[in-house]
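What follows is a set of notes on a single structure, which appears directly below.
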Amino acid sequence: MLLEVKNLSIYYYTLAGTVRAVENVSFTIDKKEWVSFVGESGSGKSTVAYALLNLVPSPGKIVNGEIIFEGKNILGLTKDELREIRGKEISMVFQDPMTSLDPLRKIGDQIVEVMTEHGMEKDEAYNRAKELLRKVNLPEDRMSYYPHQLSGGQRQRIAIAIAMAFNPKLLIADEPTTALDVIVQDAIMDLIESLKKEGTSIFFVTHDISLAAERSDKIAVMYAGKLVEFGKVEQILENPLHPYTQSLLASVPDLWSEKEIKAIPGYPPDLRNPPSGCRFHPRCPVFNEKANLKGVCDSIEPETIEIEKGHFVSCHLYR
């Protein structure tokens with residue numbers, strides 16, 4: 001096992017109140033494994049991603065839990081120890097590369113800096129940077145370009161090149177294909193998959209469950225700060241257990257069938273004051289149809305149950 005997250009809870013302390021963004025989330029990632037976190041905007045996916053590097057932005061705070069990476073608790077490391085891990089053993093590709101690339105510095109200088117910060121000689125780092133550009137299918141002359149001179153897809157490739165510098169053990173990709181056309185999106189996914197083939201584990205964040213299903217080994221479904229279902233891709237696709245997972249899959253169009261596309265009614269809750277019991281119950285079609293669930297789903301928080309090996313769900317239907 002490469003990574004184990006136990007009972008992770010993250011709150012944002014704002015003037016408008018405490019936002020319970022992530023609560024009691026637990027999961028594992030094995031070596032050479034691709035795990036995708038899916039769910040609507042605001043479900044806590046990116047917050048979990050940032051927590052893996054102890055980078056939750058202010059006013060956020062990790063209030064509970066452990067993040068065990070190769071036997072070490074990330075949350076207990078000093079700044080210097082974290083600096084050794086970030087960018088070397090664990091790398092991150094952000095949703096918008098313009099937020100992670102310096103607009104005033106050339107691309108080559110930014111790639112080289114990552115490696116020299118971890119002790120590599122400048123000449124060796126420069127040669128490695130050119131090799132990385134070739135790996136992401138960009139010409140070497142892009143070393144002299146500034147970020148604004150590149151397209152969105154090219155900037156994302158640069159971000160991936162930087163993340164690949166030390167062949168990390170874990171790559172965190174926070175919606176790296178957002179705002180890219182489908183051809184570039186596919187190329188970016190191919191690049192990430194090539195990293196996995198070289199031995200890197202992938203933590204992938206997306207709101208598109210169909211995109212996650214194409215490449216992942218496992219899928220984790222988040223709703224309103226809770227991990228409601230976790231399992232292998234085939235388990236999630238062939239036997240979705242949680243009504244929210246079922247609703248997500250029902251909302252995906254299928255060109256090869258005549259199935260009706262169903263939108264999920266309502267909106268995600270305000271996490272300053274989330275619903276009691278199961279957070280999905282106000283929108284849950286099963287709860288609204290079955291009278292025997294009244295007083296259960298809306299008042300008692302469901303426990304996480306392993307239905308079959310490796311397939312977990314947090315729902316009263318499986319008590």
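From the set of residues in region 86-102 that are touching a Ser or Thr at 6+ places or on another chain (Cβ under 9 Å) and assigned to a loop (DSSP other than H, G, I, E, B), which is nearest to LEU3 (Cα to Cα)? Steps first, please.
Taking region 86-102 first, the residues touching a Ser or Thr at 6+ places or on another chain (Cβ under 9 Å) are 91-96.
Remaining after also requiring assigned to a loop (DSSP other than H, G, I, E, B): 94-96.
Values: PHE94: 20, GLN95: 22, ASP96: 25 Å.
Once the filter is applied, the top-ranked residue is PHE94.
Just to check your reading of the model, which residue among GLU84, GLU23 is among the acidic types (Asp, Glu) and at pLDDT below 95? I'd like the intermediate steps shown before the answer.
On the way: GLU23 fails: at pLDDT below 95.
Just one listed residue meets the conditions, GLU84.
Could you please find all residues in region 308-319 being under 22 Å from ASN292 (Cβ atoms) and either more than 24 Å from the chain's Cα centre (by Cα) or not in a strand (DSSP E or B) (or both)?
CYS315, HIS316, LEU317, TYR318, ARG319
When the residues of region 273-319 are filtered to those that are surrounded by 13 or more Cβ atoms within 10 Å (Cβ to Cβ) and basic (Lys, Arg), which remaining residue is modelled with the lowest pLDDT?
Residue satisfying both the conditions and the ranking: LYS290.
Hey, can you tell me all the residues within region 140-161 that are aliphatic (A, V, I, L, M) and without any contact (Cβ under 8 Å) to a residue 40 or more places away in the chain?
The first filter runs over region 140-161 and keeps only residues aliphatic (A, V, I, L, M), leaving 143, 150, 158-161.
Across region 140-161, the qualifying residue is only MET143.
Looking at ALA165, ALA129, which one is touching a Gly at 6+ places or on another chain (Cβ under 9 Å) and outside any helix (DSSP H, G or I)?
Details: ALA129 fails: outside any helix (DSSP H, G or I).
After applying the criteria, what remains is ALA165.
Among all residue pairs at least 6 apart or on different chains, which show Cβ distances below 8 Å where the first residue, located in region 71-91, is in contact (Cβ under 8 Å) with a residue 40 or more places away in the chain and the second is among the aromatic types (Phe, Trp, Tyr)?
Between residues of region 71-91 that are in contact (Cβ under 8 Å) with a residue 40 or more places away in the chain and residues that are among the aromatic types (Phe, Trp, Tyr), the close pairs are GLY87/PHE166; LYS88/PHE166; GLU89/PHE69; GLU89/PHE166; ILE90/PHE69; SER91/PHE166.
So for region 187-206 (the condition being at pLDDT below 90 and in contact with a Pro (Cβ under 8 Å, 6 or more places away or on another chain)), does at least one residue qualify?
Looking through region 187-206, at least one residue is at pLDDT below 90 and in contact with a Pro (Cβ under 8 Å, 6 or more places away or on another chain).
Kindly check whether there is at least one residue in region 251-262 that is modelled with pLDDT of 95 or more and outside any helix (DSSP H, G or I).
Keep residues of region 251-262 that are modelled with pLDDT of 95 or more, which gives none.
No - not one qualifying residue is present in region 251-262.
Can you work out which of the residues in region 197-210 that are more than 11 Å from GLU175 (Cβ to Cβ) and either more than 9 Å from the chain's Cα centre (by Cα) or of a type in the set (Val, Ile, Thr) (or both) is surrounded by the fewest Cβ atoms within 10 Å (Cβ to Cβ)? Write out each step before concluding.
Quick first cut of region 197-210, residues more than 11 Å from GLU175 (Cβ to Cβ) only: 197-203, 209-210.
Remaining after also requiring either more than 9 Å from the chain's Cα centre (by Cα) or of a type in the set (Val, Ile, Thr) (or both): 197-202, 209-210.
On the way: LYS197: 8, GLU198: 11, GLY199: 11, THR200: 23, SER201: 22, ILE202: 21, ILE209: 21, SER210: 15.
If we take residues in region 197-210 being more than 11 Å from GLU175 (Cβ to Cβ) and either more than 9 Å from the chain's Cα centre (by Cα) or of a type in the set (Val, Ile, Thr) (or both), then LYS197 is surrounded by the fewest Cβ atoms within 10 Å (Cβ to Cβ).
Can you tell me which of PHE37, PHE69 is hydrophobic (A, V, I, L, M, F, W, C) and in contact with a Phe, Trp or Tyr (Cβ under 8 Å, 6 or more places away or on another chain)? Don't jump to the end; show me each part of the working.
Numbers: PHE69 fails: in contact with a Phe, Trp or Tyr (Cβ under 8 Å, 6 or more places away or on another chain).
Every option except PHE37 fails the conditions.
Hey, any hits in region 211-226 for a residue that's of a type in the set (A, V, I, L, M), within 19 Å of GLY44 (Cα to Cα) and over 17 Å from the mean Cα position of the chain (by Cα)? Steps first, answer last, please.
To start, the set of residues in region 211-226 that are of a type in the set (A, V, I, L, M) comprises 211-213, 219-222, 224.
Narrowing the set further to residues that are within 19 Å of GLY44 (Cα to Cα) leaves 211-212, 219-222, 224.
Imposing the further condition that a residue be over 17 Å from the mean Cα position of the chain (by Cα) reduces the set to none.
Looking through region 211-226, none of the residues is of a type in the set (A, V, I, L, M), within 19 Å of GLY44 (Cα to Cα) and over 17 Å from the mean Cα position of the chain (by Cα).
Within region 90-110, count every residue that is closer than 19 Å to THR200 by Cα and either surrounded by fewer than 16 Cβ atoms within 10 Å (Cβ to Cβ) or touching a helix residue (DSSP H, G or I) at 6+ places or on another chain (Cβ under 8 Å) (or both). Break it down stepwise before answering.
Restricting attention to region 90-110, the residues satisfying the condition of being closer than 19 Å to THR200 by Cα are 90-94.
After this cut, where a residue has to be either surrounded by fewer than 16 Cβ atoms within 10 Å (Cβ to Cβ) or touching a helix residue (DSSP H, G or I) at 6+ places or on another chain (Cβ under 8 Å) (or both) as well, the list is 91-94.
Of the residues in region 90-110, 4 are closer than 19 Å to THR200 by Cα and either surrounded by fewer than 16 Cβ atoms within 10 Å (Cβ to Cβ) or touching a helix residue (DSSP H, G or I) at 6+ places or on another chain (Cβ under 8 Å) (or both).
Can you tell me which of (1) surrounded by 17 or more Cβ atoms within 10 Å (Cβ to Cβ); (2) assigned to a loop (DSSP other than H, G, I, E, B); (3) modelled with pLDDT under 95; (4) more than 16 Å from the chain's Cα centre (by Cα) is the one THR177 doesn't meet?
(4)
Could you tell me how many of the residues in region 13-67 are buried (at least 17 other Cβ atoms within 10 Å of the Cβ) and part of a strand (DSSP E or B)?
Qualifying residue count, region 13-67: 17.
Considering only region 210-233, state which residues are touching a residue at least 40 places away in the same chain (Cβ under 8 Å), of a type outside the set (A, V, I, L, M) and over 16 Å from PHE312 (Cβ atoms).
Result: SER210, ARG215, GLY225.
Please find, among ARG105, ARG83, the residue that is assigned to a loop (DSSP other than H, G, I, E, B) and either out of contact with any strand residue (DSSP E or B) (no Cβ under 6 Å at 6 or more places or on another chain) or among the aliphatic types (A, V, I, L, M) (or both).
Working: ARG83 fails: assigned to a loop (DSSP other than H, G, I, E, B).
Sole residue among the options that is assigned to a loop (DSSP other than H, G, I, E, B) and either out of contact with any strand residue (DSSP E or B) (no Cβ under 6 Å at 6 or more places or on another chain) or among the aliphatic types (A, V, I, L, M) (or both): ARG105.
Mind checking which residues of region 1-12 are surrounded by fewer than 17 Cβ atoms within 10 Å (Cβ to Cβ) and polar (S, T, N, Q)?
ASN7
Report, by residue number, each residue of region 142-161 that is touching a Leu at 6+ places or on another chain (Cβ under 9 Å) and closer than 11 Å to GLY108 by Cβ.
Here is the first cut: in region 142-161, the residues touching a Leu at 6+ places or on another chain (Cβ under 9 Å) are 142-143, 146-147, 150, 152-161.
Residues satisfying the conditions are ARG142, MET143, TYR146, ILE158, ALA161.
The values are calculated or read from the model by the stated rules, or taken from the named source; none is laboratory data. None of these values were measured; they are calculated from a predicted model. Counting neighbours? That spans all protein chains shown, and the Cβs are built from the backbone with ideal geometry, glycine included.
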